[in-house]
Amino acid sequence: MTLSALELNTLITGTILLAEDAPDLREAISEAFDDEGYEIHVAADGYEALKMFEEHQPNLAILDMRMPMMNGKDVCSVIRRTSDIPVIMFTSSDDADDVQGAIAQGATDFVLKTTGIPELIDRVEKHLEAYYASQETVPIAELEPETEEEEPEKKSNLPDFVIQGSNFEFEQGRIKTTTLIVDPDEKSRADIIAVLSRLNQNYVEAESALAAVDAMNAIDFDMVIAEWSLPDIDAFRMFSEVKDLPGYQRMSKIIMGARINPEAHRKAEFAGVGHVLRKPLDRGKLEVTVGDEVKRLLRELRAQKDD
């Protein structure tokens, strides 16, 4: 079935991700797009935006340029790793460097907040029409036959968190710790896994802060060993996301990095990080640091068991 441009403009619907940290503006935009028939999911910061993107797989994203946790340009950069959906920067800044930076990170368009929400809606319709045409897919509810069949379950791009090593808690009375290793570098993860394996301990791997936060919400880890500069957000922001978890304070934290400046050290101390390791990792120091932490944690677990 071939649709005219008028029919497309009239019938197109879609799922939109909106990331805006100003509550009043976020609500106003959300209501406007809801009135236009769009399904809209809102986020108050960059990190939440990435979680919403992963969960809802939107057809288009509207990102504020300056947000807490991650700015709009960085969110756009992460989205571009897996998706070619239109990304519109909606911002109060008309600085040329901001515009060029957003385009360099993969932004499709740049809309000033001073132009108003109606202009934003017009741009969204324009970019969705072009996007659907390029995909040869138009999500038009009116043209879809009703069905009672259940929708197929959406598969996440995030990994399933399978604990490696021995059983999670006890194996024939032996107490074990479980460590989360957060590093995009496979070799660094392998070095840490080698140490934990020799100590006969459990571990889980994650390549990004986003995946690590999901893992920490799913599993009560005894220790986290993380690269400081992760692809999405740094380790400090990652730890900030989980600081309210019940086991956060007792969790042992180790960070690694090739360049960890004094500011990073202060942030690490504030986050409760106990050890900082320089990269490339020194095998001997890694063995001693991780080994000492495992022994300390095992003593605490044994004491808890005895109580």
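The values are calculated or read from the model by the stated rules, or taken from the named source; none is laboratory data. Here the structure is a predicted model, which means the values were calculated and not measured. Cβ atoms come from the backbone with ideal geometry, glycine included; neighbour counts cover every protein chain shown.
One residue alone among LYS73, LYS113 is at pLDDT below 90, touching a Ser or Thr at 6+ places or on another chain (Cβ under 7 Å) and among the basic types (Lys, Arg), and that residue is LYS113.
Checked against the criterion of being β-branched (Val, Ile, Thr), part of a strand (DSSP E or B) and under 18 Å from SER188 (Cβ atoms), the candidates VAL276, VAL288 yield just one match: VAL276.
Selection over segment 80-109 of residues that are charged (D, E, K, R) and either modelled with pLDDT of 85 or more or under 15 Å from LEU128 (Cβ atoms) (or both) gives a count of 3. Of the residues making up segment 181-197, those that are in contact (Cβ under 8 Å) with a residue 12 or more places away in the chain and over 15 Å from the mean Cα position of the chain (by Cα) are ILE181, ASP185, SER188, ARG189, ASP191, ILE192, ILE193, VAL195, LEU196, SER197.
Among the conditions (1) touching a residue at least 60 places away in the same chain (Cβ under 8 Å); (2) closer than 20 Å to ALA22 by Cα; (3) not small (Gly, Ala, Ser), MET65 misses just one, which is (1). Restricting attention to segment 249-273, the residues that are at pLDDT below 85 and surrounded by 16 or more Cβ atoms within 10 Å (Cβ to Cβ) add up to 5. Test of understanding: among LEU128, LEU17, LEU25, LEU120, which residue is buried (at least 23 other Cβ atoms within 10 Å of the Cβ) and either within 27 Å of PHE239 (Cβ to Cβ) or modelled with pLDDT of 90 or more (or both)? The match here is LEU17. Out of ALA235, ALA194, which single residue is within 23 Å of MET70 (Cβ to Cβ) and among the aliphatic types (A, V, I, L, M)? After ruling out the rest, the residue left standing is ALA235.
Could you tell me whether segment 208-230 includes any residue that is in a loop (DSSP other than H, G, I, E, B), charged (D, E, K, R) and farther than 23 Å from HIS265 by Cβ? Scanning segment 208-230, I find at least one residue that is in a loop (DSSP other than H, G, I, E, B), charged (D, E, K, R) and farther than 23 Å from HIS265 by Cβ, so the answer is yes.
Residues in segment 78-97 that are assigned to a helix (DSSP H, G or I) and surrounded by 19 or more Cβ atoms within 10 Å (Cβ to Cβ): VAL78, ILE79. Summed over segment 20-54, residues that are charged (D, E, K, R) and touching a residue at least 60 places away in the same chain (Cβ under 8 Å) total 4.
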